[in-house]
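J.: Structure in structure tokens, see below.
The values are calculated or read from the model by the stated rules, or taken from the named source; none is laboratory data. Everything quoted here is computed from the prediction, not taken from an experiment. Heads up, the Cβs are rebuilt from the backbone with ideal geometry, glycines too, and the neighbour counts pull from every protein chain shown.
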Amino acid sequence: MKSLLFLGVCIFCTTTLFAQAYIGETELRNTKQAAAAIRLPYDNDPVEDGLKQYMMTKGFKSTGISGFILFRSVPLDGMDTALNDLYFKVTVASRKEKDMTVLSLIPTKRNQEFTARTLADSGKLEKARLFLDSLAPFMTAYNTRLQLSSQQEVLGKAQKKMNNLRSDSSDLQKKIRNLQSDLDQNQKDQVKAAADLQTSINADDDTKKKYQKRVNKCLDEEASLQKKLRRAKQDLEDNRNDMERQQEEINKQQQGLNAVRTRNGGI
């Protein structure tokens, strides 16, 4: 538990450390373009989805163009009277940092031709950097919700499996009781069949064969019931072992969920 909490603190610190935008470069058709950028400790897909969700809450829809995500006619801040076209690009930070995403932003003049050699509006790069900084808390909250949802789903599946195992355990216990009851009745039937055979000692052969057949049937049923009872008891033992392992899995997933909540302020 302590190690999970420590990991949660480390991840929280990592998020804070990397979520600071800077002025850098991104590539457009083999040409370097000046861009604002920010490193986010998440996979590409949730970053792209989070960006679209963030912009949608502000009333902007995206289009795709040459590997970029484009939002048209967007103010970079509340004081920005000239609307901008914002070109975002989502890339993996490096081969060694596959779970780290670089989100780049090229701000351009509204309706500027995309093929321009120098695409970025250099006067807007600082505002673009601040725009990414303002986006970072939303990304953290968005990915936290995804992590919580994913962890809760895993925990729910583990709990459902445990419930199924408990149901199986109840069924097996009932089966064992029924088999034991059948076995007890078989013992009584054997005593009666043996007594009937004994009383027919002086009877004709057909009568003696009939009673002997009953005795043999009882013995065969006893062997079958004992075999079924042994199998059911073994199944119950296996079920108990499975429940112990499943409880360990539930505890593990619950700790993982608690760690996500802890590193995000106990939500």
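J.: Looking at the structure I just gave you, is residue 48 over 20 Å from residue 129 (Cα atoms) and without any contact (Cβ under 8 Å) to a residue 60 or more places away in the chain?
T.: Considered against the rule, which asks whether it is over 20 Å from residue 129 (Cα atoms) and without any contact (Cβ under 8 Å) to a residue 60 or more places away in the chain, residue 48 comes out as no.
J.: Test of understanding: among 127, 89, which residue is in a helix (DSSP H, G or I) and among the basic types (Lys, Arg)? Reasoning before the result, please.
T.: On the way: 89 fails: in a helix (DSSP H, G or I).
None of the other options fit; the residue is 127.
J.: Now, a different point. For the structure I just gave you, tell me whether residue 119 is out of contact with any Gly (no Cβ under 7 Å at 6 or more places or on another chain), touching a residue at least 24 places away in the same chain (Cβ under 8 Å) and in a helix (DSSP H, G or I). Write out each step before concluding.
T.: Details: out of contact with any Gly (no Cβ under 7 Å at 6 or more places or on another chain): yes; touching a residue at least 24 places away in the same chain (Cβ under 8 Å): yes; in a helix (DSSP H, G or I): no.
For residue 119, the condition - out of contact with any Gly (no Cβ under 7 Å at 6 or more places or on another chain), touching a residue at least 24 places away in the same chain (Cβ under 8 Å) and in a helix (DSSP H, G or I) - is not met.
J.: From the set of residues in the range 37-68 that are among the aliphatic types (A, V, I, L, M) and within 29 Å of the chain's Cα centre (by Cα), which is surrounded by the most Cβ atoms within 10 Å (Cβ to Cβ)?
T.: 40
J.: Take the residues in the range 245-259 that are within 16 Å of residue 145 (Cα to Cα) and more than 14 Å from the chain's Cα centre (by Cα), then tell me which one is surrounded by the fewest Cβ atoms within 10 Å (Cβ to Cβ).
T.: Selected residue: 258.
J.: What about residue 227, is it farther than 26 Å from residue 154 by Cα, of a type in the set (Lys, Arg) and either surrounded by 16 or more Cβ atoms within 10 Å (Cβ to Cβ) or over 45 Å from the mean Cα position of the chain (by Cα) (or both)?
T.: Working: farther than 26 Å from residue 154 by Cα: yes; of a type in the set (Lys, Arg): yes; either surrounded by 16 or more Cβ atoms within 10 Å (Cβ to Cβ) or over 45 Å from the mean Cα position of the chain (by Cα) (or both): no.
It is false that residue 227 is farther than 26 Å from residue 154 by Cα, of a type in the set (Lys, Arg) and either surrounded by 16 or more Cβ atoms within 10 Å (Cβ to Cβ) or over 45 Å from the mean Cα position of the chain (by Cα) (or both).
J.: Identify, from the list 119, 125, 135, 105, the residue that is in contact with a Phe, Trp or Tyr (Cβ under 9 Å, 6 or more places away or on another chain), more than 18 Å from residue 53 (Cα to Cα) and surrounded by 17 or more Cβ atoms within 10 Å (Cβ to Cβ).
T.: 119
J.: Out of 59, 24, 67, 78, which single residue is touching a residue at least 40 places away in the same chain (Cβ under 8 Å) and not hydrophobic (A, V, I, L, M, F, W, C)?
T.: 24
J.: Is there any pair linking a residue in the range 175-189 that is among the polar types (S, T, N, Q) to one that is surrounded by 12 or more Cβ atoms within 10 Å (Cβ to Cβ) and part of a helix (DSSP H, G or I), with Cβ under 7 Å and at least six apart or on different chains, and which?
T.: Filtered contacts from the range 175-189: 180/229; 186/218; 186/221; 186/222; 186/225.
J.: Can you spot a residue in the range 248-258 that is basic (Lys, Arg), outside the structural domain of residue 137 (by TED's automatic domain parsing) and either touching an Asp or Glu at 6+ places or on another chain (Cβ under 8 Å) or touching a residue at least 40 places away in the same chain (Cβ under 8 Å) (or both)?
T.: no
J.: Can you go through 154, 191 and tell me which one is of a type in the set (A, V, I, L, M, F, W, C), under 30 Å from residue 137 (Cα atoms) and assigned to a helix (DSSP H, G or I)?
T.: 154 is the lone residue from the list that is of a type in the set (A, V, I, L, M, F, W, C), under 30 Å from residue 137 (Cα atoms) and assigned to a helix (DSSP H, G or I).
J.: Has the range 101-116 got any residue that is part of a helix (DSSP H, G or I) and either out of contact with any helix residue (DSSP H, G or I) (no Cβ under 7 Å at 6 or more places or on another chain) or of a type in the set (A, V, I, L, M) (or both)? Even if it seems obvious, please write down each step before you answer.
T.: Of the residues in the range 101-116, the ones part of a helix (DSSP H, G or I) are none.
Among the residues of the range 101-116, not one is part of a helix (DSSP H, G or I) and either out of contact with any helix residue (DSSP H, G or I) (no Cβ under 7 Å at 6 or more places or on another chain) or of a type in the set (A, V, I, L, M) (or both), which makes the answer no.
J.: Got a sec? Which of 125, 130, 135 is touching a helix residue (DSSP H, G or I) at 6+ places or on another chain (Cβ under 7 Å), on the phi < 0 side of the Ramachandran plot and hydrophobic (A, V, I, L, M, F, W, C)?
T.: Details: 125 fails: touching a helix residue (DSSP H, G or I) at 6+ places or on another chain (Cβ under 7 Å); 130 fails: touching a helix residue (DSSP H, G or I) at 6+ places or on another chain (Cβ under 7 Å).
Within the list 125, 130, 135, the selection yields 135.
J.: Which of (1) touching an Asp or Glu at 6+ places or on another chain (Cβ under 7 Å); (2) at pLDDT 95 or above is the odd one out, the single condition residue 55 does not satisfy?
T.: With respect to (1) touching an Asp or Glu at 6+ places or on another chain (Cβ under 7 Å); (2) at pLDDT 95 or above, residue 55 is out only on (1).
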